[in-house]
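The values are calculated or read from the model by the stated rules, or taken from the named source; none is laboratory data. Here the structure is a predicted model, which is why all the values come from computation and not from measurement. Cβ sites come from the backbone with ideal geometry, for glycine too, and all protein chains shown count toward neighbours.
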Amino acid sequence: MTPDLYLVLAAILFTIGLVGFLIRRNALILFMSTELMLNAANLVLVSASWVHGVLDGQVAAFFVMVVAAAEVVIGLSIIVTIFRARRSTSVDNESLLKG
Amino acid sequence: MTGLLLLVSTGQTVAFWICAVLAVIAAVGVIASSRPIYSALCLAVVMVSLAALYASLQAEFLFAVQIIVYTGAVLMLFLFVIMMVGVTTHETLVETLRGHRVPALVAGGCLVVLLALATGNVVTSDPAGLDTVQEEGYIQALAQLIFQRYVIPFEATAALLITAAVAAMVLAHPKRLAPKPDQTTRLRERLAAYAATGAHPGPAPASGVTARHNSMATPALLPDGTVAEASVTPTLVSRVGLRTPEELTGPMQSAVKALEGGPSVILSTPSASPSAPSVILSEAKDLSADQDDSAPTTAVETPEPEPDLDAGYTPPPDPDAEKGGAK
């Protein structure tokens with residue numbers, strides 16, 4: 001089992017998340033794409049920890065998960081606040097803020 | 001020993017290919033499905049596949065954390081918010097920036113080729129594995145790392161989580177954009193709507209209870225046999241649609257037919273058979289039609305009901321108005 005395959009899988013998942021972030025306009029799906037990219041990075045960290053035989057990569061992935069959870073809480077509450085004011089979750093509507 | 005190593009390696013390979021294919025398919029589903037709820041469910045599949053990959057990479061702690069934190073907490077949060085804001089919103093799949101989708105896909109393809117070529121040559125040595133760490137005590141080693149070497153970042157994440165919780169509470173409890181409507185304003189709005197469009201000023205009809213259905217999604221039937229659309233919430237209508245009267249009374253009518261062994265007279269629609277019971281039904285229909293028509297016609301032709309109702313209803317004294325009058 002070569003570790004390169006894990007890196008290639010992580011690259012594919014990261015790219016899918018990035019493309020989703022670029023082509024979708026729903027703020028919720030943009031957030032899910034971000035989660036996809038964070039998970040791809042976590043996969044790289046865990047596989048690097050396995051390749052090198054030390055646990056530091058796993059600890060880093062654990063911290064990434066904690067930060068992602070906090071980020072989701074804040075982001076979703078911002079989405080709910082914007083939805084209350086504008087009745088929409090499309091990120092294109094925020095371009096009206098520039099006047 | 002080599003046989004055991006081969007077995008472990010084979011198991012890992014099988015796990016990798018199953019989970020990798022699942023994860024990539026579900027990840028494409030996340031960004032390609034038109035409704036956010038399907039995206040969230042696809043994301044759950046990605047998370048669980050990644051958790052299985054972590055387990056095959058000897059990261060049992062992260063396997064559990066991935067399932068508990070991501071599939072348990074984060075995705076439930078996503079589902080809560082989707083249920084609050086996203087169920088009835090359909091994203092228009094028309095691209096607002098014209099022609100930005102193709103360049104985005106091309107850029108994504110270039111990026112995946114670049115990353116795959118770059119990472120394909122990074123790891124040259126065989127993986128060391130975590131067997132020695134596992135033998136010394138995996139959880140103990142992890143705890144030593146988190147609580148000794150990385151204790152400062154660990155405390156920082158604690159502060160981050162507290163801040164996030166407080167910020168979420170502050171954001172979820174904003175100032176009202178408009179004053180809270182009290183009973184008087186609601187009543188005035190209803191009567192104004194009645195005067196303008198003839199909308200019924202009373203409460204909306206309750207959902208229907210028939211012989212076979214008593215759910216909230218069952219519409220009430222008007223006396224003429226049609227469906228009262230106001231008796232079902234718009235959210236349910238947008239998700240499951242309105243049931244038709246034939247759908248509601250069909251099984252009962254067929255049962256009655258089977259019992260009587262002939263065409264049913266009592267429960268047929270008024271226009272079906274001109275027998276005595278249906279005359280009663282059609283009278284009921286006329287009555288209901290009169291009742292239904294009375295509100296709009298009086299509102300349109302003679303505007304008396306609205307001032308009458310206002311005269312009959314004396315609003316409670318408005319303290320602000322009294323102050324203004326005193327000044």
Margin query: Exactly one of these conditions fails for A:Glu71: (1) within 16 Å of the chain's Cα centre (by Cα); (2) free of Cβ contacts under 8 Å to residues at least 60 places away in the same chain; (3) buried (at least 21 other Cβ atoms within 10 Å of the Cβ). Give me its number.
Written below: (3)
Notebook entry, point to check: Under 7 Å by Cβ, and 6 or more places apart or on different chains, what pairs join a residue from the stretch B:237-248 that is more than 16 Å from B:Asp224 (Cα to Cα) with one that is surrounded by fewer than 12 Cβ atoms within 10 Å (Cβ to Cβ)?
Noted result: B:Ser238/B:Thr88
Note to self: It is to be established whether one or more residues within the stretch A:75-88 are touching a residue at least 40 places away in the same chain (Cβ under 8 Å), within 7 Å of another protein chain (Cβ to nearest Cβ), surrounded by 20 or more Cβ atoms within 10 Å (Cβ to Cβ) and in a helix (DSSP H, G or I).
What the structure shows: yes
Check: Among the numbered criteria (1) at pLDDT 90 or above; (2) outside any helix (DSSP H, G or I), which single criterion is violated by B:Gln58?
Finding: (1)
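Quick check on the stretch A:6-17. Is at least one of its residues within 28 Å of B:Ala172 (Cα to Cα) and assigned to a helix (DSSP H, G or I)? Give the derivation first.
Here is the first cut: in the stretch A:6-17, the ones within 28 Å of B:Ala172 (Cα to Cα) are A:17.
Still in the running and assigned to a helix (DSSP H, G or I): A:17.
Yes, some residue in the stretch A:6-17 is within 28 Å of B:Ala172 (Cα to Cα) and assigned to a helix (DSSP H, G or I).
With the requirement that a residue be of a type outside the set (Ser, Thr, Tyr) and closer than 15 Å to A:Val54 by Cβ, what does the stretch B:144-160 give you?
Residues of the stretch B:144-160 that are of a type outside the set (Ser, Thr, Tyr), as a first pass: B:144-149, B:151-156, B:158-160.
Answer for the stretch B:144-160, where residues must be of a type outside the set (Ser, Thr, Tyr) and closer than 15 Å to A:Val54 by Cβ: B:Gln144, B:Leu145, B:Ile146, B:Gln148, B:Arg149.
Can you pull out the residues in the stretch A:22-42 that are touching a residue at least 60 places away in the same chain (Cβ under 8 Å) and either under 24 Å from A:Leu5 (Cα atoms) or more than 7 Å from chain B (Cβ to nearest Cβ) (or both)? Spell out how you get there, then give the answer.
Pass one, the stretch A:22-42, residues touching a residue at least 60 places away in the same chain (Cβ under 8 Å): A:25-28, A:30.
Selection gives A:Ala27, A:Leu30.
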Notebook entry, point to check: Hey, A:Val54 hits all of (1) more than 16 Å from B:Phe78 (Cα to Cα); (2) out of contact with any Leu (no Cβ under 6 Å at 6 or more places or on another chain); (3) assigned to a helix (DSSP H, G or I) but one; which does it fall short on?
Noted result: (3)
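One line per residue, one yes/no per condition, for (1) in contact with a Phe, Trp or Tyr (Cβ under 7 Å, 6 or more places away or on another chain); (2) closer than 28 Å to A:Ser77 by Cβ; (3) not in a helix (DSSP H, G or I):
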| residue | (1), (2), (3) |
| --- | --- |
| B:Leu161 | no, yes, no |
| B:Ala165 | no, yes, no |
| B:Lys175 | no, yes, yes |
| B:Thr185 | no, no, no |
| B:His200 | no, no, yes |
| B:Pro205 | no, no, yes |
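Kindly provide the set of residues from the stretch B:58-67 that are among the hydrophobic types (A, V, I, L, M, F, W, C) and facing chain A (nearest Cβ under 10 Å), ordered by number.
Across the stretch B:58-67, the qualifying residues are B:Ala59, B:Phe61, B:Leu62, B:Phe63, B:Val65.
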Checklist line | Residues within the stretch A:1-13 that are closer than 16 Å to B:Leu22 by Cα and more than 7 Å from every other protein chain (Cβ to nearest Cβ), tallied | finding: 2
